[in-house]
Amino acid sequence: MEYIDCDVCEQNMNAFIENKLVGEHLWQFLTHVESCPDCYEELEIKYLIAEALGRLENGEAINLKDELAQKIKLTKRAMYFHYFNEDVLRILEIVSMIIIVYEVFGFLSHFFGIVF
Ligand SMILES: [Zn+2]
């Protein structure tokens with residue numbers, strides 16, 4: 001099995017991304033990429049660009065728009081829930097204060113024999 005150099009590796013990058021690289025060529029390519037950080041980095045960039053372009057061609061950019069809208073909606077809902085919880089806590093605080101005041105008055109009325 002022959003080993004390939006960086007030039008050959010670079011020539012094969014697009015074929016690899018398009019799943020057109022097979023057999024011995026694929027093995028040589030993978031072996032080189034695994035042991036060559038420069039080619040790996042180059043492949044990474046090429047792959048990311050190809051993937052991004054692929055998404056655009058498949059109309060997935062529209063989905064990305066939906067994803068963003070969905071994200072905004074969910075974030076807003078989470079924030080609303082957060083504020084709702086704060087309101088509930090404030091109400092519970094007030095209610096517990098009323099109960100305490102009521103108990104204290106009840107105790108005092110019992111102690112002094114006064115009926116409210
Ligand atoms: Zn290389």
Top-ranked residue of the range 21-38 - restricted to ones that are part of a helix (DSSP H, G or I) and of a type in the set (Val, Ile, Thr), ranked as farthest from the ligand (Cβ to nearest atom) | THR31
Scan LEU68, LEU53 and give me the residue that is surrounded by fewer than 12 Cβ atoms within 10 Å (Cβ to Cβ), more than 21 Å from LYS20 (Cβ to Cβ) and modelled with pLDDT under 85.
-> LEU68
Test ILE49 against the criterion of being in a helix (DSSP H, G or I) and either in contact (Cβ under 8 Å) with a residue 12 or more places away in the chain or more than 29 Å from the chain's Cα centre (by Cα) (or both), and give yes or no.
-> no
Does ALA69 count as touching a helix residue (DSSP H, G or I) at 6+ places or on another chain (Cβ under 7 Å), in a helix (DSSP H, G or I) and away from the ligand (no atom under 16 Å from the Cβ)?
-> no
Subset of the range 1-11 (residues that are away from the ligand (no atom under 11 Å from the Cβ) and not in a loop (DSSP other than H, G, I, E, B)) = GLN11
Among GLU18, GLU51, GLU41, which is the only one that is of a type in the set (D, E, K, R) and within 16 Å of the ligand (Cβ to nearest atom)?
-> GLU41
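The values are calculated or read from the model by the stated rules, or taken from the named source; none is laboratory data. It should be emphasised that the depicted structure is a prediction, and the values quoted were computed from it without experimental measurement. Methodologically, a virtual Cβ is constructed for each residue, glycine included, from the backbone with ideal geometry; neighbour enumeration extends over all protein chains shown.
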